[in-house]
Amino acid sequence: MIPYARQQIEADDVAAMVAALRAPFLTTGPKVAEFEAAFADHVGADHAVAVNSGTAALHAAMQALSIGPGDDVIVPAITFAATANCALFQGATPVIVDVEAERLLIDPERVEAAVTPRTRAIIAVDYAGHPCAYDELRAIAEAHHLALVTDGCHALGARWRGRQVGEIADLTCFSFHPVKHLCTGEGGMVTTADARLAAAMRSFRSHCMSRDFCERERSGGWEYDVTDLGFNYRLTDMQCALGVTQLAKQSEWLARRRELARGYRDRLAGVPLVRPLPESAAVEHAYHLFVVRVPAGARRQVFERLRASGVGVNVHYRPLNLHTIYQRRLGAAKGDCPVAEAAYQEILSLPMYPGLRDEELDEVVDKLAAALAEARA
Ligand SMILES: *Cc1c(COP(=O)(O)O)cnc(C)c1O
């Protein structure tokens with residue numbers, strides 16, 4: 001089976017993790033700071049705060065911005081549930097807006113139309129690894145005094161007008177789940193240029209305690225104060241050791257993802273009825289996903305044929321407004337996001353990961369063409 005995504009774990013990753021396991025600190029130790037510094041440097045951010053999932057990263061971002069009951073947070077319809085849930089965790093209300101029809105990114109016109117006096121933040125999702133329309137989004141955020149947050153869980157290594165995802169928004173959240181660019185098993189990171197927000201997130205990931213274990217050890221005291229409601233969102237030193245070795249290979253892996261994307265585009269140009277999502281000239285795409293559109297009437301059959309023939313295609317994502325939780329809690333309904341809902345009938349994520357070989361790329365394209373021909377017959 002060729003999966004749609006797969007982690008790459010090599011000998012140096014294993015060695016680094018084993019060494020971390022034998023070190024004095026298994027958590028809240030020196031590997032955390034080392035991974036954070038390397039990550040901040042990699043994406044051009046001033047601060048990076050490690051947490052134990054992308055979901056925790058989004059939650060920490062909301063808490064650092066003091067988002068709470070009575071606040072609205074604007075999110076796109078095409079994303080993973082955690083993008084909206086981070087507002088709900090804080091007692092705030094996610095406001096789901098439709099996407100634009102080409103790249104399925106949050107539509108700035110709909111964002112503008114959704115802003116009210118309750119709005120506090122926009123979460124832009126760089127879907128598939130394609131950065132959003134940040135000039136328009138920044139202008140809206142500035143005009144209405146909103147925080148601009150990026151859910152960059154698909155977009156490590158992407159650039160928009162030369163600037164990296166991680167240094168564009170006020171806060172950028174990343175995930176290190178095995179299907180993402182960099183794997184720590186589970187893990188996440190938030191980057192920011194704001195030292196005050198970084199400090200708030202460091203506190204939040206460790207129960208909002210005034211001094212962590214290491215600081216108390218250094219000062220020899222036992223006292224601490226719990227200043228607010230925090231969580232245990234800490235990433236272990238073993239995971240951070242893995243993060244450091246994985247990060248060192250990101251540029252090479254990203255180049256391979258882009259090469260695969262070019263390979264798909266070249267090969268698919270000759271296949272009728274398949275349209276890859278387009279790439280804007282202003283960006284360098286990170287290709288977490290390679291998403292194509294096929295005719296809605298053929299999609300299910302193509303999906304099933306490919307799965308049956310050993311090609312692990314997937315669908316990202318069922319629009320948020322179609323999920324029970326948002327219908328129940330927000331009054332969202334079918335028909336709210338017509339662009340996202342129409343796209344959802346057509347999209348397929350093809351296999352995309354640095355270890356995918358050229359022969360496998362050929363195999364995926366051949367099987368996709370055959371499945372489509374069969375579905376149309
Ligand atoms: C993966 C992902 C998340 C959540 O990350 P976890 O590490 O699985 O918690 C959030 N948003 C998007 C867009 C994602 O792809």
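The values are calculated or read from the model by the stated rules, or taken from the named source; none is laboratory data. If you're wondering where the values come from, they're calculated on a predicted model, not measured in any experiment. A quick note on method: Cβ atoms are made from the backbone with ideal geometry, for glycine too, and the neighbour counts reach across all protein chains shown. Remember, those area values only see protein heavy atoms, side chains included, never the ligands or the DNA or RNA. Shrake-Rupley method; radii C 1.70, N 1.55, O 1.52, S 1.80 Å.
Before moving on, here are some points about what is shown:
- Under 30 Å from the Cα of LYS334 - lysines, other chains or at least 8 residues apart: LYS180
- By accessible area, using a 1.4 Å probe on protein heavy atoms only, the stretch 92-226 has 49% of its surface on carbon and sulfur.
- Segment HIS144-ALA38, extension gain: residue separation times 0.36 nm, minus the distance between their alpha carbons: 34.8 nm
- Taking the chain and dividing mean pair separation by its residue count, relative contact order in percent (alpha carbons under 8 Å, at least six apart): 23
- Using alpha-carbon coordinates, inclination of helix 11-21 to the longest axis of the chain, degrees: 30
- Averaged per residue, the stretch 236-377 has 43 square angstrom of accessible surface, using a 1.4 angstrom probe with ligands and nucleic acids left out.
- Of all DSSP-defined beta bridges confined to the chain, some 60% are antiparallel rather than parallel.
- Protein-only accessible surface order, largest first, of MET17, MET1, MET201 at 1.4 Å: MET1, MET17, MET201
- For the residues VAL271, VAL51, VAL149, a GNM of the chain with alpha-carbon springs under 10 Å puts the largest fluctuation on VAL271.
- Short to long, the 10 Å bins of the Cα pair-distance histogram for the chain hold 5, 24, 31, 25, 12, 3, 1, 0 percent of all pairs.
- For the stretch 79-213, the solvent-accessible area with a 1.4 angstrom probe is 34 square angstrom per residue.
- Helix-derived mean residue ellipticity, 222 nm - over the chain, DSSP H n ≥ 4, -39500 (n - 2.57), to 500: -12500 deg cm²/dmol
- When PHE290, PHE80 are compared by accessible area of protein heavy atoms, the largest-first order is PHE80, PHE290, using a 1.4 Å probe.
- Whole-Hz ³J(HN,Hα) from phi, Karplus 6.51 cos²θ - 1.76 cosθ + 1.60, for the stretch 146-153, glycine and proline x: 10, 7, 10, 10, 10, 7, x, 4
- Percent of alpha-carbon pairs separated by more than 13 Å within the stretch 222-286: 78
- Only Cα sites of the stretch 54-197 enter the Debye sum here, all with the same form factor; the resulting log10 I(q)/I(0) across q = 0.11 1/Å is -0.34, listed in q order.
- Across all directions, the shadow cast by the convex hull of the stretch 189-307 built on its C-alpha atoms averages 12.8 square nanometres.
- For peptides 180-187, 228-235, sequence by mean Cβ density within 10 Å, most packed first: 180-187, 228-235
- Computed over the stretch 314-360, the P(r) curve from all C-alpha pair distances, binned at 5 Å from the origin, holds 4, 20, 20, 16, 12, 9, 8, 6, 4, 1 percent per bin.
- Using a probe of 1.4 Å on the protein chains alone, the accessible area found for MET238 is around 40 Å².
- Plainly put, the stretch 1-55 has a radius of gyration that is 1.04 times its Kirkwood radius, both from alpha-carbon atoms, as the Rg/Rh ratio.
- Ranking by accessible area, most exposed first, for ARG318, ARG257 with a 1.4 Å probe: ARG318, ARG257
- Rolled with a 1.4 Å probe across the full set of protein chains, the surface gives LYS367 an accessible area near 60 Å².
- Principal axis dimensions, the stretch 257-346 - Cα atoms, whole angstrom, descending: 43, 37, 21
- For the stretch 1-95, the alpha-carbon radius of gyration amounts to 1.41 times the rule-of-thumb value 2.2 N^0.38 Å expected for a compact globular protein.
- Simple spin-label estimate for ALA193 and ASP12 in nanometres, 7 Å along Cα-Cβ: 3.1
- Per residue, the convex hull spanned by the Cα atoms of the stretch 264-309 amounts to 99 cubic angstrom.
- Probe 1.4 Å - accessible area at LEU65, Å² to nearest ten: 30
- Taking the centroid of alpha carbons for each part, the stretch 15-58 and the stretch 294-353 are 34 Å apart.
- Cα-based shape type of the stretch 282-333, given that a ≥ b ≥ c are square roots of the gyration tensor eigenvalues and the cut on a/c is 1.5: oblate
- For ALA332, nonlocal amide neighbours, meaning residues 5 or more places apart or on other chains whose placed amide H falls under 5 Å from its own, are GLN327.
- For the stretch 260-275, 3J(HN,Hα) per residue [Karplus equation, 6.51 cos²θ - 1.76 cosθ + 1.60, θ = phi - 60°, Hz, x = Gly/Pro]: 4, 4, 4, x, 4, 4, 4, 5, 6, 4, x, 10, x, 6, 10, 10
- Residue-span extension gain [ARG216 to LEU21] - 0.36 nm each, minus C-alpha spacing: 67.9 nm
- Amide proton proximity set for ALA147, modelled H, under 5 Å, gap of 5+: ALA121, ILE122
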